[in-house]
1. Are any residues in the range 133-167 outside any helix (DSSP H, G or I) and closer than 15 Å to Leu391 by Cα, and if so, which ones?
2. Taking interchain pairs and intrachain pairs at least six residues apart, which have beta carbon atoms under 7 angstrom, with the first residue in the range 58-86 and on the phi > 0 side of the Ramachandran plot and the second modelled with pLDDT under 85?
3. Look at the range 344-382 and say how many of its residues are of a type in the set (Gly, Ala, Ser) and in contact (Cβ under 8 Å) with a residue 40 or more places away in the chain.
4. If you take the residues in the range 66-91 that are β-branched (Val, Ile, Thr) and assigned to a helix (DSSP H, G or I), which one is nearest to Leu297 (Cα to Cα)?
5. Which residues, counting only those in the range 105-132, are under 19 Å from Ile144 (Cα atoms) and not hydroxyl-bearing (Ser, Thr, Tyr)?
6. Can you tell which of Tyr115, Tyr171 is modelled with pLDDT under 85, in contact with a Leu (Cβ under 7 Å, 6 or more places away or on another chain) and surrounded by fewer than 22 Cβ atoms within 10 Å (Cβ to Cβ)?
7. Looking at Thr66, Thr59, which is the one that is modelled with pLDDT of 90 or more and crowded, with 19+ Cβ neighbours inside 10 Å?
Amino acid sequence: MLNELKTVSYFHWADWLVLAAVLLATALAAAYGRVRLQQTQKKEKLSALDYLLMGRQLTLPLFVATLVATWYGGIFGINEITFNYGIYNFLTQGIFWYVAYFIFAFFIADKIARYNSLTLPDLTGQMFGPKSAKVSAVFTFFYITPVAYVLSLGMFLHMVFGISILMGMIYGTLFTCLYTAWGGFRSVVFSDLVQFFVMCTTVLLVVVFSIYTFGGASFLKAHLPASHFTLTGGNSWLSTFVWGFIAMSTLIDPSFYQRCFAAKSPRVVKRGVLISTFIWFCFDICTTTGSLYARALLPHAQPAQAYFFYSIQLLPIGLRGFFVAGILSIILSTLNSFLFIASNTLSFDLLRKQFKNIVLSNRIMIFAVGTISILLAQLLHDNFKTIWLVLGSYFSACLLIPILMGYIHPGCISDKLFVTSSLISAILMTVWRIVVPPAWLDVIDPFYIGVSCSLIILVLFRSRRESISSRIVDR
């Protein structure tokens, strides 16, 4: 097998036909979302609730499809981690996250329903105050800005058509911005429905053909380093557990919350998250297994690209086109959601007073977010692991503890305390990242500095407020 190839040279007319059919189905689904949006607009003036959350009418099947599809845009990042570290990927990108999903379903879903919110920063503002809403909006924006997924799309177009990654990012992002702005959240949801079925079938096909062609576990053990079958993959446990804490960011993840805000009821949310978790478990098994085969057969390929090139050479005519459509679906389903949420954060949470027409400003901001994402992808182009760790660690370390404490003990954290703990945590993380030698960063990740700072500040000042209240009661 070749370590790198021009995908179109392997394409038969049947592959082009299958790829075109999937793209057409996705376009028709987005157009259907646009039609539904126009029907709502004819009945009454289009509100932010209708445009951003489908008027809170998201049913269980649509909830599951859009939630699952949104969660896997970084397919090349998952391939890269598996290629380098083996089943470490299943621990850090799978098991840790399943724990977070169960916590969300059983302990967070009902609490969210108490707030009539449109976005995560909007909910934060209701819990703590207006300044907290602005601070959380800033962290949310940089966390949800789809840098890794713009880069994934650029790499995809490069591997398929041979154009540069930069031009791939520009063309692909422009296309995604156009159809996302066109139909709002409805277009995102209905296009996700098509992409959900295609992406799940795609990764399963790669595993089935791999086992049929090369054999099962015995083949992988004979052709992979022993470290690829250890949980840490050669990494330290401290650095491994950073992923566990980042997985807990699911408890405050903006894309998770958007689907929950849009759902018809808390029951839909709880059942939907549990069903989605089972699907994610199956999906993770398939992506990890397929990437292990790619590592075994293309050991000298680029880590992020090996799975793609391996699958193109593995699958027969017709299914190659379906595989390419599936990878594109995985990327687009996350990219369009993140573009939409990031633009919501700018237009609704940060600049609402500057724009009277939230729908129009949201559409403009979608293109602004796309541009910012391309620039950041050029700046942070080292690897997917770096992008996810840097952006994810700031968001999780600075917001996770105060929001969870707000759920558990409502009213115990003031607006000022929330802002103070978040900003000081971010500053200390940045100082640690700049000042400390690289060897120390491998031992103590900046995330631990930020989350420890946040916890200490919140516990100390919360305890002080409680003790003062106790003294007043005693008197």
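1. Just the residues of the range 133-167 that are outside any helix (DSSP H, G or I), to begin with: 145-146, 162-164.
Once the filter is applied, which keeps residues that are outside any helix (DSSP H, G or I) and closer than 15 Å to Leu391 by Cα, the range 133-167 yields Thr145, Pro146.
2. These pairs meet every condition: Gly86/Gly233.
3. 3
4. As a first pass, look at the range 66-91 and keep what is β-branched (Val, Ile, Thr): 66, 68, 70, 75, 78, 81-82, 87.
Going one step further and asking which of them are assigned to a helix (DSSP H, G or I), we end up with 66, 68, 70, 75, 78, 81-82.
On the way: Thr66: 33, Val68: 29, Thr70: 30, Ile75: 19, Ile78: 18, Ile81: 16, Thr82: 14 Å.
Residue satisfying both the conditions and the ranking: Thr82.
5. Here is the first cut: in the range 105-132, the residues under 19 Å from Ile144 (Cα atoms) are 117-125, 132.
Answer for the range 105-132, where residues must be under 19 Å from Ile144 (Cα atoms) and not hydroxyl-bearing (Ser, Thr, Tyr): Leu118, Leu120, Pro121, Asp122, Leu123, Gly125.
6. On the way: Tyr171 fails: modelled with pLDDT under 85.
Just one listed residue meets the conditions, Tyr115.
7. Numbers: Thr59 fails: crowded, with 19+ Cβ neighbours inside 10 Å.
Thr66 is the lone residue from the list that is modelled with pLDDT of 90 or more and crowded, with 19+ Cβ neighbours inside 10 Å.
Condition check ((1) in contact with a Phe, Trp or Tyr (Cβ under 7 Å, 6 or more places away or on another chain); (2) crowded, with 18+ Cβ neighbours inside 10 Å; (3) touching a residue at least 40 places away in the same chain (Cβ under 8 Å); (4) under 30 Å from Met429 (Cβ atoms)) across all residues:
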| site | (1), (2), (3), (4) |
| --- | --- |
| Ser218 | no, no, no, no |
| Leu224 | no, no, yes, no |
| Gly234 | yes, no, yes, yes |
| Ile246 | no, yes, yes, yes |
| Pro266 | no, no, yes, no |
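The values are calculated or read from the model by the stated rules, or taken from the named source; none is laboratory data. These numbers were taken from a predicted model, which means no experiment stands behind them. Cβ coordinates were reconstructed from backbone atoms using ideal geometry, including for glycine residues, and neighbour counts include every protein chain displayed.
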